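Presented below is the structure to which this report refers.
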Amino acid sequence: MEDSPLSRRRLLWGAAGAAGTALAAVGLPQLMGPDEKVKAGQPSPMRKASVGAGPPATLRPDGSVDYAPAVWVEASESNYTPSDRPDAYPIEYVVIHLTTDIFPLMLAMFNDPAERVSAHYVISASGTRIAQCVRERDVAWHSGSIWYNYRSIGIEHEGWTDQPAYTDEMYQASAVLTATICAKYDVPVDRDHILGHVEIPLSTHEDPGPVWNWDKYMKLVETAHQRIRT
């Protein structure tokens, strides 16, 4: 019997996760490395014991995250929709966001049940810290569109839309994560499926902003994706 796209996708899950770990170790040596303060006065970077102003950072009770280099920092159950994706809904998009706030405060916001917002992942401006806040199978409330929320994975990046540049390390860390997601769920690596928040229909947001280098980012994603798939 010919394998279905879904069964072929499931076979890739383990390989994609392992490849993401290997790429992090080889191509991103500082992904979870030494602490770096991104801006003057920023709280200390996240550790497994704490995240400064944010909620406690711990692994899931079963000791796992969907993406090996990430640390589990759970969003409030009031800020996302439990689901069973991709069985319930196909994962077809990755949506790129900017936090417009510092890393620990974003994690605290996602943990606050009054905020009614979340994303699956948050990446620090230095590229050395990745937090997973919502499981990939569940629906994070990140795009402002119910339809896209149910069919996408949202990645927040610590930064501001008007800052002059983003670090190479952040681009690299994000590209490997996005490439891993694309390989896992058969998401095409193109600009029709890797979107900025501003590109979601009827979006009221401008992120990731005019200085986000899409050409550079997509080349990094394509390179990482090729490594994962080979």
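Derivation of every value follows stated rules applied to the coordinates shown; laboratory data play no part. From a predicted model like this one, the values you see are computed outputs, not experimental measurements. Methodologically, a virtual Cβ is constructed for each residue, glycine included, from the backbone with ideal geometry; neighbour enumeration extends over all protein chains shown.
Exactly one condition in (1) of a type outside the set (S, T, N, Q); (2) closer than 24 Å to Val117 by Cα; (3) in contact (Cβ under 8 Å) with a residue 40 or more places away in the chain is not met by Val198; state its number.
Every condition holds for Val198 apart from (3).
Look through segment 186-217, keep the residues that are part of a helix (DSSP H, G or I) and in contact with a Phe, Trp or Tyr (Cβ under 9 Å, 6 or more places away or on another chain), and return whichever of them is farthest from His142 (Cα to Cα).
Checked segment 186-217; the qualifying residue farthest from His142 (Cα to Cα) is Lys216.
Scan segment 152-167 and tell me whether some residue there is surrounded by 18 or more Cβ atoms within 10 Å (Cβ to Cβ) and without any contact (Cβ under 8 Å) to a residue 40 or more places away in the chain.
no
Looking at Arg116, Arg137 in this structure, which one is of a type in the set (D, E, K, R), touching a Pro at 6+ places or on another chain (Cβ under 9 Å) and assigned to a loop (DSSP other than H, G, I, E, B)?
Being of a type in the set (D, E, K, R), touching a Pro at 6+ places or on another chain (Cβ under 9 Å) and assigned to a loop (DSSP other than H, G, I, E, B) holds for just one of Arg116, Arg137, which is Arg137.
What pairs can you find where one residue is in segment 205-230 and without any contact (Cβ under 8 Å) to a residue 24 or more places away in the chain, the other is surrounded by 14 or more Cβ atoms within 10 Å (Cβ to Cβ) and not acidic (Asp, Glu), and their Cβ atoms are less than 8 Å apart, with a gap of 6+ or different chains?
Trp214/Gly196
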